[in-house]
Amino acid sequence: MNAAWAYPFIFVAGMLQAVGASMGGQLNKSIGNPWLATSISFMLVLFLTVALFACMPKPLPSVGDFAAMPWWAPLGGIVGAVAVFAGFLLIQKLGAGPVNGITITANILASLAIDHFGLFRMEQHEMNPWRFLGAVLMVGGVTLIAKF
């Protein structure tokens, strides 16, 4: 994979996450039910992904692919839905900065543990002083954003 396009793509995706959380918060405010707001949001994602799959149906997994898959692999969407629901529920109360800052900082801290220990079959990337400093700076930065 060519990293020249990967990092800008991830950057834009991160920006869209902040926009999406704010949009979802407004959806929740408009209809008054965070469960329904989350359901509407995920239904649109489901329709989009099914349409994209219909346009590009290959490659398809084999029975062996399913058999080799860890039991927990399909749960990623449900785990991600917790963050979406929390954003929908709390972004109007706390603001986009604190909600997204805490979400991203928690993501970084968990990611550093996943990398360090090689959890979920990820390639291991050991903790070092620079990664630790980055985590401390993230916590400090989001604390300032949430407080002020």
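Tabulated data
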item: Residues Ser39, Ser22, Ser30 arranged by fewest to most Cβ contacts within 10 Å; result: Ser30, Ser39, Ser22
item: Value at 222 nm in deg cm²/dmol, rounded to 500, when DSSP H runs of n ≥ 4 in the chain each add -39,500 (n - 2.57); result: -27000 deg cm²/dmol
item: Prolate/oblate/rounded call for the range 95-148, Cα gyration tensor, a/c under 1.5 rounded; result: oblate
item: Chymotrypsin sites (Phe, Trp or Tyr not before Pro) within the range 50-134: DSSP coil, no more than 15 neighbouring Cβ in 10 Å; result: Trp71, Trp72
item: Average Cα contact separation per residue, the range 1-119, under 8 Å, 6 or more apart, as relative contact order %; result: 40
item: The range 131-148-the range 79-119 distance, computed between alpha-carbon centres (Å); result: 13
item: Positive dipole terminus of the chain, leading residue within Phe117, Ala54, Ala67 (C-beta point charges); result: Ala54
item: Ratio of the Cα radius of gyration of the chain to 2.2 N^0.38 Å, where N counts its residues; result: 1.22
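Read-outs: derived from the displayed coordinates by stated rules, not from any lab. Values in this document were obtained by computation on a predicted structure and should not be read as measured data. Here the Cβ is made from the backbone with ideal geometry for all residues, glycine too, and neighbour counts use every protein chain on show.
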